[in-house]
There are 2 protein chains.
Amino acid sequence: MNKQTLIQTHNRIKPFIHKTPVLTSKLLDEIAGCNLFFKCENFQKMGAFKMRGAANAILSLSDEERQRGVVTHSSGNFAQAVSLAAQKLGVKAYIVMPKNAPQVKKNAVKTYGGEIIECESTPQAREAMANKIKEEKGASFLHPSNQDEVIYGNATAAMELLEEHPNLDVIITPVGGGGLLAGTALAVNQFVPNCKIIGAEPMEVDDAYRSLKSGKIEKNESTNTIADGLKTYLGDRNFPIIKTLVDKIIRVEEQEIKEAMQLIWERMKIIVEPSSAVAFAAVLKNKEEFKNKSVGIIISGGNVDLKNLPF
Amino acid sequence: MNKQTLIQTHNRIKPFIHKTPVLTSKLLDEIAGCNLFFKCENFQKMGAFKMRGAANAILSLSDEERQRGVVTHSSGNFAQAVSLAAQKLGVKAYIVMPKNAPQVKKNAVKTYGGEIIECESTPQAREAMANKIKEEKGASFLHPSNQDEVIYGNATAAMELLEEHPNLDVIITPVGGGGLLAGTALAVNQFVPNCKIIGAEPMEVDDAYRSLKSGKIEKNESTNTIADGLKTYLGDRNFPIIKTLVDKIIRVEEQEIKEAMQLIWERMKIIVEPSSAVAFAAVLKNKEEFKNKSVGIIISGGNVDLKNLPF
């Protein structure tokens with residue numbers, strides 16, 4: 001992986017993604033005591049950065065592979081991203097989802113033309129089902145966070161942010177499965193290597209924090225967090241990148257996530273997911289550390305159920 | 001009033017306002033069957049277009065008048081706009097508010113440095129109190145919608161929209177007190193006279209619709225609408241402008257307002273007030289009329305109580 005790989009990736013996916021805006025807010029700058037630059041992937045197609053990785057993964061397949069379709073297991077943004085990217089490229093998308101997934105998420109996948117394959121609600125069941133589709137249909141499996149093409153695609157959000165604001169002191173992203181943090185780390189390292197990279201994680205699912213401490217991939221025993229995009233854990237493709245390039249992980253409490261989310265909604269008038277608010281919560285928790293710095297924050301997505309808000 | 005007046009107004013207030021972005025959404029275009037251009041005054045300072053008129057009204061005062069302060073009666077966005085504009089100009093702002101106004105609105109005014117003067121919750125009481133302050137302090141009274149300087153200030157939102165998109169077929173704004181619609185009509189008439197101007201109004205408070213029919217200013221007997229910024233009625237300064245320049249008023253039901261608001265929140269990921277959604281609701285209600293047209297919509301504001309949402 002070098003600079004050229006990332007530039008090629010960006011050029012490849014450009015027709016399929018939005019170049020999302022970078023927003024600033026004097027009010028939030030005052031509250032945080034630093035200069036914040038929000039890369040708004042909540043305005044990305046299907047509402048999250050996942051579109052970047054999904055598009056790149058499908059675009060990286062051969063014509064023959066594309067004809068056989070793609071399969072993933074996800075009940076979140078990656079399911080929608082794969083469905084939409086596949087639809088745009090005329091590729092069949094099989095989405096393995098637990099039977100009990102919320103109807104609103106199933107509908108979103110259907111809207112984008114994905115075919116839902118239901119399974120029991122265990123990690124084993126969904127992997128078995130994905131494998132079955134892979135074998136039966138010859139479909140290519142796409143992993144939501146632990147696959148090079150997905151990570152490179154995700155890297156393009158930070159590339160665009162740094163292109164507009166090359167003097168950032170630090171970029172903070174939420175960390176769940178690790179795909180966004182690893183991609184961001186690669187982009188920063190290639191293009192603005194003196195910029196720091198920090199991950200932000202709910203205390204309730206602090207597997208990435210513990211993984212960096214122990215040096216091996218840790219998991220979560222429970223996942224009681226409002227940040228529903230961050231319940232997963234790192235993988236063997238992204239953990240080495242994170243271990244090498246990320247400065248640290250900041251952990252935040254649930255109440256801090258909710259407060260950060262409310263501040264963004266009320267002051268910036270934009271809709272962000274709880275997962276997205278985790279990075280801003282990390283800044284508010286460590287004001288001294290970021291004082292007067294230029295801080296980039298990747299707003300990962302804006303898909304929320306308006307009928308179920310934490311305010 | 002001519003082109004030059006509006007250009008001077010815009011130049012005068014520029015240092016005190018944001019040039020807000022114009023957003024588009026392919027998804028909403030598909031749903032509506034036309035090309036929509038949303039002028040996002042929800043991203044304006046203090047969260048609404050009212051900042052434009054308030055800033056211009058205070059900037060139009062003499063030094064001596066500014067020293068004596070300004071007074072208005074409002075429990076909504078204009079109260080915040082006057083407070084903030086006055087604060088930025090070092091002018092004292094007296095805001096007459098009913099005793100029973102929501103604490104969240106009182107807090108917003110205080111945040112921006114306005115001094116709240118409480119009164120009973122009747123139109124008579126608030127006017128009497130505003131007059132008292134005017135006499136006692138020598139403060140200049142600023143009207144939320146029925147004052148030339150306020151109307152000219154409001155016109156600058158449409159000016160910016162037309163500067164970016166001069167080929168719009170129509171611009172739609174919500175209509176409450178009439179200040180935004182009248183200002184928009186002046187701007188359109190001066191700069192792109194072949195563009196239509198339409199007002200959008202809740203059926204529950206359709207005073208502007210009835211006023212255009214009867215030729216005189218009508219009021220509302222009840223104000224049972226979620227669009228809390230649109231409960232007021234037209235005035236003698238803005239009604240003649242509206243009567244002369246506005247093509248028509250489209251009325252929408254409460255449920256249509258809620259659905260339009262939810263679509264904007266969910267698809268565009270931006271926070272808009274119910275009042276702002278009224279204009280988009282008018283488009284959705286009259287798809288045939290707007291088919292394939294380029295339609296400008298002024299999103300008037302984004303100040304909502306997150307604890308009290310209609311979803």
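The values are calculated or read from the model by the stated rules, or taken from the named source; none is laboratory data. If you're wondering where the values come from, they're calculated on a predicted model, not measured in any experiment. When we count neighbours, we look across all protein chains shown, and the Cβ atoms used for this are built from the backbone with ideal geometry, even at glycine. Quick note on the areas: whole protein, heavy atoms, side chains included, nothing else; ligands and nucleic acids left out. Shrake-Rupley method; radii C 1.70, N 1.55, O 1.52, S 1.80 Å.
Quick one: A:Asn11 ticks every box in (1) more than 14 Å from chain B (Cβ to nearest Cβ); (2) closer than 30 Å to A:Asn131 by Cβ bar one, so which box is it?
With (1) more than 14 Å from chain B (Cβ to nearest Cβ); (2) closer than 30 Å to A:Asn131 by Cβ applied to A:Asn11, the lone miss is (2).
Regarding segment A:212-229, can at least one residue be identified that is out of contact with any helix residue (DSSP H, G or I) (no Cβ under 8 Å at 6 or more places or on another chain) and part of a helix (DSSP H, G or I)?
yes
Tell me which residues, restricted to segment B:159-178, are touching a Ser or Thr at 6+ places or on another chain (Cβ under 9 Å), farther than 13 Å from B:Leu234 by Cβ and in a loop (DSSP other than H, G, I, E, B).
B:His165, B:Asn167, B:Leu168, B:Asp169
Give me the helices (runs of 4 or more DSSP H) completely within segment A:66-155, filtered to those with at least 2 residues that are open to solvent by 10 Å² or more (accessible area, probe 1.4 Å) and closer than 14 Å to A:Ala55 by Cβ, ordered by residue number.
A:77-88
Do you know which residues across segment B:24-36 are buried (at least 21 other Cβ atoms within 10 Å of the Cβ) and under 21 Å from the mean Cα position of the chain (by Cα)?
B:Leu36
Say we look at segment B:37-56 and pick out the residues that are open to solvent by 30 Å² or more (accessible area, probe 1.4 Å) and under 23 Å from A:Met46 (Cβ atoms); which of these is farthest from the other protein chains (Cβ to nearest Cβ)? Don't jump to the end; show me each part of the working.
The initial filter retains those residues of segment B:37-56 that are open to solvent by 30 Å² or more (accessible area, probe 1.4 Å), namely B:37, B:43, B:45, B:50.
Filter once more, so that each one left must be under 23 Å from A:Met46 (Cβ atoms): B:37, B:43.
On the way: B:Phe37: 16, B:Phe43: 6 Å.
Looking at the filtered set, the residue picked out is B:Phe37.
Based on this model, can you work out whether A:Ser294 counts as under 13 Å from A:Pro174 (Cα atoms) and in contact (Cβ under 8 Å) with a residue 60 or more places away in the chain?
no
Looking only at residues that are of a type in the set (Asp, Glu) and surrounded by fewer than 24 Cβ atoms within 10 Å (Cβ to Cβ) in segment B:260-310, which one is farthest from the other protein chains (Cβ to nearest Cβ)? Walk me through how you get there before you give the answer.
First, pick out the residues of segment B:260-310 that are of a type in the set (Asp, Glu): B:266, B:273, B:288-289, B:305.
Now drop any that are not surrounded by fewer than 24 Cβ atoms within 10 Å (Cβ to Cβ), which leaves B:266, B:288-289, B:305.
Details: B:Glu266: 7, B:Glu288: 25, B:Glu289: 27, B:Asp305: 9 Å.
Among residues in segment B:260-310 that are of a type in the set (Asp, Glu) and surrounded by fewer than 24 Cβ atoms within 10 Å (Cβ to Cβ), the one farthest from the other protein chains (Cβ to nearest Cβ) is B:Glu289.
Out of (1) in the same structural domain as A:Ile217 (by TED's automatic domain parsing); (2) touching a Pro at 6+ places or on another chain (Cβ under 6 Å), the odd one out for A:Ile171 is which?
Just one mismatch for A:Ile171, condition (2).
Just give me the residues in segment A:156-171 being touching a strand residue (DSSP E or B) at 6+ places or on another chain (Cβ under 9 Å), surrounded by 15 or more Cβ atoms within 10 Å (Cβ to Cβ) and not hydrophobic (A, V, I, L, M, F, W, C), in sequence order. So that I can check it myself, show each step before the final result.
First, the residues of segment A:156-171 that are touching a strand residue (DSSP E or B) at 6+ places or on another chain (Cβ under 9 Å): A:157-158, A:160-162, A:164-165, A:167-171.
Filter again for surrounded by 15 or more Cβ atoms within 10 Å (Cβ to Cβ), leaving A:157-158, A:160-162, A:165, A:168-171.
Answer for segment A:156-171, where residues must be touching a strand residue (DSSP E or B) at 6+ places or on another chain (Cβ under 9 Å), surrounded by 15 or more Cβ atoms within 10 Å (Cβ to Cβ) and not hydrophobic (A, V, I, L, M, F, W, C): A:Glu160, A:His165, A:Asp169.
Any chance segment B:243-259 includes a residue that's at pLDDT 95 or above and within 14 Å of chain A (Cβ to nearest Cβ)?
Checked segment B:243-259: at least one residue is at pLDDT 95 or above and within 14 Å of chain A (Cβ to nearest Cβ).
B:Ala208 versus (1) out of contact with any Ser or Thr (no Cβ under 7 Å at 6 or more places or on another chain); (2) at positive phi: which is the lone unmet condition?
For B:Ala208, the exception is condition (2).
Would you check which residues across segment A:172-219 are open to solvent by 60 Å² or more (accessible area, probe 1.4 Å) and in contact (Cβ under 8 Å) with a residue 60 or more places away in the chain and list them?
Matches in segment A:172-219: A:Phe191 only.
Across segment A:110-165, what is the total count of residues that are among the β-branched types (Val, Ile, Thr) and modelled with pLDDT under 95?
2
So, B:Phe239, is that one without any contact (Cβ under 8 Å) to a residue 60 or more places away in the chain and of a type outside the set (A, V, I, L, M) or not? Full working, then the answer.
Working: without any contact (Cβ under 8 Å) to a residue 60 or more places away in the chain: no; of a type outside the set (A, V, I, L, M): yes.
So B:Phe239 fails the test.
Across segment B:179-200, what is the number of residues that are assigned to a strand (DSSP E or B) and under 20 Å from B:Pro274 (Cα atoms)?
The number of residues fulfilling the criteria is 3.
Of all the residues that make up segment A:220-239, how many are open to solvent by 60 Å² or more (accessible area, probe 1.4 Å) and more than 20 Å from A:Ala282 (Cβ to Cβ)? Let's see the steps before the verdict.
From segment A:220-239, those open to solvent by 60 Å² or more (accessible area, probe 1.4 Å) are A:221, A:224, A:228, A:231-233, A:236-237; that's our starting set.
Cutting the leftovers down to more than 20 Å from A:Ala282 (Cβ to Cβ) gives us A:221, A:236-237.
The number of residues fulfilling the criteria is 3.
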